[in-house]
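The values are calculated or read from the model by the stated rules, or taken from the named source; none is laboratory data. Everything numeric here is computed off the predicted structure, so don't read it as measured data. Virtual Cβ from ideal backbone geometry, glycine too; neighbours counted across all protein chains shown. To get the accessible areas, we keep the full protein, side chains included, count just its heavy atoms, and leave off ligands, DNA and RNA. Shrake-Rupley method; radii C 1.70, N 1.55, O 1.52, S 1.80 Å.
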Amino acid sequence: MTAPDFNEVVLVHLDAAFNLAMWLLRDTHAAEDVVQDAMLRALTYFRSYKGGDARAWVFQIVRNAAFEHLRSRKAGMVVPLETLHSNDDRDAMSRDQTNDIPELIDPDDGPEAAWMKEKNRTDIEKAIDTLPLELRECIVLREFEELSYKDIAQITATPIGTVMSRLWRARQLLLQTLVAEGD
Amino acid sequence: MHSQSDCAEMELLLQADLDGELDAASAARLTQHLAHCEHCARLQTQLVQLRGLLRERAPRFSPNAEFAANLRAKLHAVGDEEDPALTPHVPIAARWKNFSLLGAGAALAASLMLALTPMTQFASNSALIDSVVAEHVRSLQADHLLDVVSSDQHTVRPWFNGKLDFAPPVNDFAEQGFALAGGRLDYLAGRPVAALVYRHGQHPINLFVWPNERAAPQSANCVANAGYYVCSWRNETLNFWAISDANAEEMQKFSRLWL
């Protein structure tokens, strides 16, 4: 294996890795630390990578690094320099970028699309944020990264049945805050 | 009417169906149940709405450009065999307009189901394929896809004048489902190339074009790589490389429009 393979197989998933780290950690600096750590680990482990879905493999490394980070933070080994939703410049910038994405919903998408526009990003972000971590990671991997139950089970080191019930609980909670309230 | 326990069981089937994980027999049971149970039918509608909401509207976080560049440099230093030709750098000047075709979640909604085309034709080209994938992924990062934003070929074509030593063909295929979104200047295979950007549904397509200096014309070859589909072809004067997370069939359709 040579380094170009690493670029092709692993580094193309840098953005996805960062996105996952952000959803798990909710802190830009922590996400950067974790992604850097995870990518360096991936480079080290790369020899043992046996093919298959590289994105899932990268997610697994990022996820493990994120959980280690959270554990050490809990144990007081890492003192966060800022609170979770700070006004930190870089944090604000990455948010702005996502908010600047132009509308892509076609006008002929029908009433559902029109209804969706009423929900803004902040509502949705907040609703996902308030999910317990183990539910949040399942919903992020399933809905944003479109991974299968099997992949999610492997990444989170959880039985498939548990993944399914976590997804169900996550969806129930999200439905309550985002969808069902209008009924 | 259905009993509570009936519905409780159906809820898990509903979810599995939504997630594409339901076997045919259970799917048939679910369909039968949904025809008679308003509660579950409404739940299904809500779950579909929730999915649409999450996928369309939830933010996607991109790494800060400086952080990404530093990390790449660090990894580059660690992996000392890395070939710099495989990480082509886009000049700062090419990162102009703030435009992205991506809906949240679309960036990596790349289908992982793509069947791998035998690599025969491509083996010698694998470094170029890597570069094309790298440029595509890089172009999808914020602020980076388009230097000239226009669906009008008569705006995009002259934009390249004086920026390249050749005139890229700029065609809009909106009627065929591939709408021109704009273009930008990019670097590939050690030379400046025209990057034309098309939109096919939610899928952005990058089409890289540069002069064909010696090879005979060739029809499209397509290959799956890193979750993307890459097609290349050439005519007497130009090389074409197209890449997208659109599926194989759509990409082949796109390449046929040019031949």
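Some notes on this structure:
- Between chain A and chain B, roughly 6200 Å² of accessible surface gets buried, counting both sides and using a 1.4 Å probe.
- Distances between placed amide hydrogens fall under 5 Å for B:W210 paired with B:N239, all partners being 5 or more residues away or on another chain.
- Average accessible surface area per residue within the stretch A:1-79, 1.4 Å rolling probe, Å²: 38
- Pair-distance profile P(r), taking every C-alpha pair of the stretch A:1-79, with 10 angstrom steps and integer %: 20, 52, 23, 6
- You can think of it this way: the chain between A:T122 and A:H29 has 31.4 nm of extra reach, that is 0.36 nm per residue less the Cα-Cα gap.
- Computed over the stretch B:4-57, the ratio Rg/Rh where both radii use C-alpha atoms and Rh is Kirkwood: 0.99
- Note on A:12-22: average number of Cβ atoms from other chains within 10 Å of each residue's Cβ is 6.
- Values of log10 I(q)/I(0), in the order q = 0.14, 0.23 Å⁻¹, for the stretch B:145-258 under a Debye, Cα-only, solvent-free model: -0.52, -1.44
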